[in-house]
Amino acid sequence: MCGIIGEYGTKVSSLSKFNEILSLSRSRGPDMKGHFSNGILQFGFNRLSIQDTTDAANQPIFSPSGRYIVICNGEIINFKSLINAMGLKKKELRSGSDVEVLTHALDLWGFEKTLNKIRGMYAIAIYDNKYKMLSLVRDPAGIKPIYCAKTLRGWIFASQYDQIFKHPWFRNRREINPEALAEYLQLGYIPSPNALFLNSWMIGPGEIYTIDNTLSLSKNVYHKIEDGEDISETSPKTLEKLNENLLSVIADYTTSDVPLGTFLSGGIDSPLVTSVASKFAPNLKAFTVSSIHGGIDESIQARKIAKHLKINQYVQTFDSSNVSEWLKNHFMAFSEPFSDYSSLPTYSLSKISSKYCKVILAGDGGDELFWGYTRFLHTIDYINWFRYPRALRRIFATLLRRSIGMRISSGIDNNTIGDWTFQKQARHYSHIVRQIMPGAKFSKTTQELYKSPKPSSSMSILLKWLRKNEYYGHMQRRLLKVDRSSMINSQEVRLPLLDRRIIDFTNNIKPELGNTHRELKYLLKESLKNFVPKNIPLKEKHGFSINIDKLLKTEIKQDLEDSLLCENTFFDRYIDRRIIKKRVSEFYSEKSSNPWSMWTLYSLYKFSQIHLK
């Protein structure tokens with residue numbers, strides 16, 4: 001796991017200026033710094049040594065033929081099986097690096113075939129010396145980030161967004177992308193391909209950006225979620241196939257030349273990943289946050305599982321009483337606007353666990369791929385509601401309230417299921433966004449993401465759309481959180497449930513949620529039963545509990561007011577400061593209670609203060 005950066009243009013920057021920008025991602029790879037330049041192309045690399053910790057595995061790496069030059073942030077998890085598939089002898093490899101194996105594959109199979117064979121989590125830059133062509137590739141789930149920007153001098157790309165907007169080719173031409181800012185205010189993050197500034201982009205999951213020798217850009221998608229041939233969700237054969245995939249995939253994800261651990265919660269996904277991983281990693285360590293949610297301490301469940309698996313467990317108690325001590329370091333990790341306060345315990349757990357383990361396995365992705373959110377059931381229950389015009393729904397709701405006292409508000413003011421889903425995932429509702437940012441509009445990409453099927457569609461079609469929406473929407477915010485929180489602590493977090501083999505397997509599942517059962521994550525729960533005893537009941541994860549309302553009104557109240565009420569901020573051209581002041585006043589006078597709104601605005605202004613100096 002590393003930090004990568006590059007330039008491709010008519011002439012590259014001086015090495016001193018380039019190294020200054022490269023140093024911004026030092027925490028992503030503190031073990032080694034690599035460099036290559038040929039006058040028109042310049043690669044920089046900060047290495048976090050995982051596979052083969054010797055200098056032999058340093059990057060950039062040239063393919064054996066010399067045609068390709070490669071730098072990679074992440075892991076090609078199936079590199080050992082690729083060695084066998086290519087028939088490579090030990091003497092043909094100078095290291096135990098997964099990226100060296102990737103360069104052999106490029107020589108043997110070419111670019112497209114190689115991309116279809118590799119598995120893992122990665123952001124890769126590949127320069128083809130033959131055609132003078134640069135390709136930027138992101139893994140199918142979007143686990144590892146890669147940004148790029150077009151400038152007057154050529155193209156730049158990097159693992160961190162601050163390496164883009166602070167780059168000397170770009171920093172003096174920074175102009176806010178209004179659509180990106182509006183989407184941040186609505187969703188709490190900026191969905192790809194948008195980025196905060198115009199002429200810069202985050203490459204999307206499963207995408208390739210190719211820049212040819214004329215510096216022209218072309219975009220391509222090499223992997224996406226598609227609805228394939230359906231197999232029954234509750235079929236024993238489906239469960240058997242899932243278990244086979246889990247064993248094969250997680251075995252690959254335990255390959256590491258440095259200490260390995262897991263994030264273990266009291267839910268379903270991480271206990272399943274930990275249980276399978278313990279079969280292949282005898283010295284596995286588990287790290288758990290002790291957090292009270294609704295009177296329940298989820299670490300109790302995690303302790304039972306760790307004890308059953310006979311693995312060492314480290315439990316960290318998290319509360320918000322000392323958050324201000326490390327809040328600035330937390331905000332340093334996010335070099336783009338980001339608002340999700342569950343990043344606080346994630347950052348905290350990564351900071352503690354990184355002292356013991358350089359590599360961590362986690363269970364992210366299970367909720368999205370296997371229908372794990374309660375909002376899926378909520379949508380199913382209200383599907384028929386959207387078959388009526390909005391005006392008629394309002395009448396029905398009024399009649400039900402008056403006749404039997406039944407209050408229905410869900411979806412009444414939304415035209416479609418997609419609109420409703422957009423609002424359910426909002427940090428601010430759309431009408432509030434337009435108050436804060438007059439004239440706010442959302443990008444075509446985001447509008448398309450929330451374009452839902454007709455209410456008359458089958459339950460299966462609706463659920464597959466919901467999964468796709470979560471995968472390319474809400475999940476991207478979670479992945480951003482995990483990557484930034486861990487990499488600021490020089491730690492690699494691997495997500496085996498988002499391996500392409502698992503993704504492709506779920507593409508073929510015909511969901512039965514709402515038809516034959518109402519069990520969220522049905523298959524994962526059935527699989528976990530093979531690993532935990534019956535006296536440990538399977539429970540849904542409640543998530544980290546933080547009294548963010550109290551935190552905003554006590555420890556960080558003064559800093560919030562100083563941040564949001566100051567004049568001449570970076571965003572004054574786009575944001576109505578009168579509305580900001582009004583919302584702050586209402587929040588502290590108890591006229592309204594929306595801590596998500598305050599945290600979203602606070603995070604935006606902290607980003608500006610810390611990263612846009």
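The values are calculated or read from the model by the stated rules, or taken from the named source; none is laboratory data. Everything numeric in this text was worked out from a predicted model, so none of it was measured. When we count neighbours, we look across all protein chains shown, and the Cβ atoms used for this are built from the backbone with ideal geometry, even at glycine. Remember, those area values only see protein heavy atoms, side chains included, never the ligands or the DNA or RNA. Shrake-Rupley method; radii C 1.70, N 1.55, O 1.52, S 1.80 Å.
Just a few scattered comments:
- Taken over region 100-158, the criterion of being aliphatic (A, V, I, L, M), within 27 Å of K468 (Cβ to Cβ) and part of a loop (DSSP other than H, G, I, E, B) is satisfied by I118, A141, I143, I146.
- Of all the numbered requirements in (1) part of a loop (DSSP other than H, G, I, E, B); (2) touching a strand residue (DSSP E or B) at 6+ places or on another chain (Cβ under 9 Å); (3) of a type in the set (A, V, I, L, M, F, W, C); (4) surrounded by 16 or more Cβ atoms within 10 Å (Cβ to Cβ), I225 misses one, and that requirement is (2).
- Among all residues of region 49-58, there is at least one that is part of a helix (DSSP H, G or I) and under 29 Å from the mean Cα position of the chain (by Cα).
- Residue under evaluation I211, criteria (1) surrounded by 18 or more Cβ atoms within 10 Å (Cβ to Cβ); (2) without any contact (Cβ under 8 Å) to a residue 60 or more places away in the chain, criterion not met: (2)
- Those residues of region 190-208 which are open to solvent by less than 10 Å² (accessible area, probe 1.4 Å) and of a type in the set (F, W, Y), in sequence order: F197
- When the criteria are applied in full, G39 meets the requirement of being within 21 Å of P168 (Cα to Cα) and not in a helix (DSSP H, G or I).
- Whenever a residue of region 453-477 is closer than 13 Å to K224 by Cα, its partners that are among the aliphatic types (A, V, I, L, M), lying with C-beta atoms within less than 6 angstrom and at least six residues away or across chains, give the pairs K468/I225; Y471/I225; Y472/L449.
- The residues on offer are K606, K591, K529, K553, and the sole one that is out of contact with any Ser or Thr (no Cβ under 9 Å at 6 or more places or on another chain), more than 30 Å from V276 (Cβ to Cβ), among the basic types (K, R) and open to solvent by 20 Å² or more (accessible area, probe 1.4 Å) is K553.
- Out of I146, I190, I176, sole residue that is among the β-branched types (V, I, T) and touching a strand residue (DSSP E or B) at 6+ places or on another chain (Cβ under 6 Å): I146
- Being over 26 Å from the mean Cα position of the chain (by Cα), modelled with pLDDT of 85 or more and not small (G, A, S) is a property that D559 has.
- Every condition in (1) touching a residue at least 24 places away in the same chain (Cβ under 8 Å); (2) out of contact with any strand residue (DSSP E or B) (no Cβ under 7 Å at 6 or more places or on another chain) is met by K444 except one, and the failing one is (1).
- Scanning region 384-432 for residues that are under 20 Å from E470 (Cβ atoms), outside any helix (DSSP H, G or I) and among the charged types (D, E, K, R) returns a single hit, R427.
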